[in-house]
Amino acid sequence: MNKYTVKAENVKPNDCMIIAGISVRVRYCYYHHSSIEHIKGKVTFDLQRFEDELHPLCDKTFMRISMDSDELVEVLRDE
């Protein structure tokens, strides 16, 4: 896996990151755009532990975080 620093709006499902010392994988991304110019957009991520297997019918989300869409985030990707 390679480490990248990207804006929160560019994080993709299956990207991995470390939150509070726990390795997590992004399960879903929700984008909240504002039509008002001076209000920043938000991104919300559903996260699951990196060790938990990915399964299309079993959602093991254990954490949800939200941040500004232009905030920088370090992610690990298989590319």
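The values are calculated or read from the model by the stated rules, or taken from the named source; none is laboratory data. In this text the structure is predicted, and so the values were computed from the model without any measurement. Methodologically, a virtual Cβ is constructed for each residue, glycine included, from the backbone with ideal geometry; neighbour enumeration extends over all protein chains shown. These accessible areas exclude ligands, DNA and RNA; they are computed on the full protein's heavy atoms, side chains included. Shrake-Rupley method; radii C 1.70, N 1.55, O 1.52, S 1.80 Å.
Go through ILE39, ILE18 for me and flag whichever is under 16 Å from ASP70 (Cβ atoms), hydrophobic (A, V, I, L, M, F, W, C), open to solvent by 40 Å² or more (accessible area, probe 1.4 Å) and more than 8 Å from the chain's Cα centre (by Cα).
That would be ILE39, the only listed residue that is under 16 Å from ASP70 (Cβ atoms), hydrophobic (A, V, I, L, M, F, W, C), open to solvent by 40 Å² or more (accessible area, probe 1.4 Å) and more than 8 Å from the chain's Cα centre (by Cα).
Name the strands (runs of 3 or more DSSP E) wholly within segment 1-71 that hold at least 2 residues that are aromatic (Phe, Trp, Tyr) and modelled with pLDDT of 90 or more?
Output list reads 22-32.
Considering each of LYS7, LYS3 in turn, give the residue that is open to solvent by 80 Å² or more (accessible area, probe 1.4 Å), within 12 Å of the chain's Cα centre (by Cα) and of a type in the set (D, E, K, R).
Of the residues listed, the single one that is open to solvent by 80 Å² or more (accessible area, probe 1.4 Å), within 12 Å of the chain's Cα centre (by Cα) and of a type in the set (D, E, K, R) is LYS7.
Give just the number: which of (1) exposed (fewer than 14 other Cβ atoms within 10 Å of the Cβ); (2) assigned to a strand (DSSP E or B); (3) among the acidic types (Asp, Glu) does GLU79 not satisfy?
(2)
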